[in-house]
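In what follows, a single structure is set out as structure tokens and then discussed.
The values are calculated or read from the model by the stated rules, or taken from the named source; none is laboratory data. The structure presented is a predicted model; accordingly, all values stated were derived computationally and were not measured. Every residue, glycine among them, receives a Cβ derived from its backbone with ideal geometry; neighbour counts consider all protein chains shown.
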Amino acid sequence: MLSEAGTPRADRRLRRARQATLLSLVTGVWASVLLPAVRLAREPDAGRAVLGAVGVLAFVIRVLLADDEDLIRVAVGALLGLEPDIEVVAHAADGPTAVTATLAHRPDVAVVDLEMPGLDGIAVAAELARARPECAVVVLTGHGRPGHLRQALTAGARGFLPKGSPGGALADVIRRVHAGGRYVDPSLAADALTLPACPLTPRELETLRLAEFGAPVAVIARRVHLSTGTVRNHLSAAVQKLGATDRAEAVRTARDNGWL
């Protein structure tokens, strides 16, 4: 039997095979690289797109860091700077600056300390949930309590992480919340499930909240439109129900449990 190599029929078959291979390659490149880039261009807040050395589309997650302790904030920024897909675009040393910087720099993720001057991390999460809901908030804490976790999640935070977590944990949490997920420290989550229900009435909570910063009974009474005697009764009931010795201890107990 004679070979067809070099004949017109064999040449046509070879050309068709090459055309099919080229079409498959172009289709794959369009689906995996070019089409996502086009979609990303239409959504400027979704993250900055870059083409890696091997032509694979990657997303750089823009991050804001807020912590009133400069040393910690700079150290965390340096640690995140080692991640190829994370870029720290702004720093803040207090809560109000964190909100302002987020609105100005439009990061994808805001990493905020739980305790900051002006606005704490929970208040920042609540404000950003209203003003820029597309920015995911991760709350860092040096001594987190289950009550803080509950408050943070209620305020709109998508992540809650102790500062003592392993080095790469924060970067992983940032990626997770940016992708639409959530992260809660497992030990805090387990403790939060066992928190008792608040034993105080709404009025008792309201008066206790106003008493937190030492406001006199007369001032609290004017604020809540009650008599001074009624306010004293509410505060006494709160102290008794929480097993506290005074108002200050009652406030600490209520705050630690996430009721204030």
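Structural remarks
- Any strands (runs of 3 or more DSSP E) falling wholly within the stretch 55-165 and containing at least 1 residues that are surrounded by fewer than 20 Cβ atoms within 10 Å (Cβ to Cβ): 57-66, 86-92, 159-162
- Leading residue by the ranking (surrounded by the most Cβ atoms within 10 Å (Cβ to Cβ)) among those in the stretch 209-241 that are closer than 13 Å to Leu260 by Cα and modelled with pLDDT under 90: Ala211
- Check on Val124, modelled with pLDDT of 95 or more and over 19 Å from Ala169 (Cβ atoms): yes
- Qualifying residue in the stretch 242-253 (condition: at pLDDT 90 or above, within 24 Å of the chain's Cα centre (by Cα) and on the phi > 0 side of the Ramachandran plot): no
- Tally of residues being surrounded by fewer than 18 Cβ atoms within 10 Å (Cβ to Cβ), at pLDDT 85 or above and assigned to a helix (DSSP H, G or I) across the stretch 172-196: 3
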